[in-house]
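Following: one structure in structure tokens, then a few remarks.
The values are calculated or read from the model by the stated rules, or taken from the named source; none is laboratory data. For clarity, every value in this text was computed on a predicted model and none was experimentally measured. Reconstructed Cβ throughout: ideal geometry from the backbone, glycine too, with neighbour counts over all protein chains shown. Areas reflect the complete protein model, heavy atoms only, side chains present, ligands, DNA and RNA absent. Shrake-Rupley method; radii C 1.70, N 1.55, O 1.52, S 1.80 Å.
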Amino acid sequence: MPLKWPHWAILIPVLVAAFYFFYPKIENFFVFFPQRTFDFAPESFGLAYENAYFTTEDGETLHGWFFPGEKAQPVILHFHGNAGNISHRLDLAQPFLKRGLSVFLFDYRGFGKSEGRPSERGLYQDGMAAYEYLVKKKAILPGNIVLHGHSIGAAVAIEVALKRSVRSLILESAFTSTKDMAKTIALFALVSPILPANYNNLEKIRRVPVPKLIVHGDRDDIVPFPMGQKLLEAATEPKFFYLVKDAGHNDVFTVGGEKYLEVFAEFARNGKIAGE
């Protein structure tokens, strides 16, 4: 006799299919915490800047601030994390500008004054559009652009580094993939084995040819420190690692202080750090 399955078993493939169909929306809900309003302005930091509006490949208008530094110095294209907006990154831009570096801060779709809703594919398109703005509108040479990605911004920086010519890549507090991150979160730990490896930095970084600096705090309570070490192991040469002792996830540059800024600026200019 043919084996008979219980009626409820028929629902299993339906539930699995539904899960994979809706999972991207679920992931986006737990990943992104955008803020539309600005809490700070460049003027409050005494910074000279230019408003930037540019359009993505799929037609979304994004907003950013370009802070000009010394002409001979590299331009830092910053990809921020999953919360807030560019007004919360002004304290990061200020010390870079003091070292002569130009800085471009922009908001992903759905953040600040940028249109649309964030998603993995959307963020990658946003990153490409920001790069094209610098090259085409600001006439910045690709070899003078340093990509700096923090947290989820590291995934955007890696994607741009794979598809465009740049000077170098700096990853800060970066994770290996959202699948690996799910293992660290109680709500998703049990289902993590069947989740897709979205934002797969671990796989992608193997193919990034330019110099890479990976920065991580040893007290990061959001992205475990070993993930930074795994990214370093997977990356091809030239690669460098800078550990910031006692730093968490969002305070690396403040805890790291002057030493962090020196390492950052040296790598941006020379593609290496002292002693390496």
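Tabulated values for the structure
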{"item": "Some residue of segment 189-209 being among the aliphatic types (A, V, I, L, M) and closer than 30 Å to Ala139 by Cβ", "result": "yes"}
{"item": "Which numbered condition Ile140 fails, given (1) touching a residue at least 60 places away in the same chain (Cβ under 8 Å); (2) buried (at least 20 other Cβ atoms within 10 Å of the Cβ)", "result": "(2)"}
{"item": "Top-ranked residue of segment 231-241 - restricted to ones that are over 17 Å from the mean Cα position of the chain (by Cα) and either in contact (Cβ under 8 Å) with a residue 40 or more places away in the chain or farther than 16 Å from Phe175 by Cβ (or both), ranked as most open to solvent (accessible area, probe 1.4 Å)", "result": "Glu237"}
{"item": "Residue check for Ser87: over 19 Å from Ile145 (Cβ atoms), of a type in the set (S, T, N, Q) and touching a Gly at 6+ places or on another chain (Cβ under 8 Å)", "result": "yes"}
{"item": "Which numbered condition Ala139 fails, given (1) in a loop (DSSP other than H, G, I, E, B); (2) of a type outside the set (S, T, N, Q); (3) touching a Leu at 6+ places or on another chain (Cβ under 9 Å)", "result": "(3)"}
{"item": "Check on Glu132, open to solvent by 40 Å² or more (accessible area, probe 1.4 Å) and either closer than 25 Å to Ala268 by Cβ or assigned to a loop (DSSP other than H, G, I, E, B) (or both)", "result": "yes"}
{"item": "Of all residues in segment 179-214 being at pLDDT below 90 and of a type in the set (S, T, N, Q), the one that is least open to solvent (accessible area, probe 1.4 Å)", "result": "Ser192"}
{"item": "Hey, Ala155 farther than 14 Å from Leu105 by Cβ, crowded, with 23+ Cβ neighbours inside 10 Å and not polar (S, T, N, Q) or not", "result": "yes"}
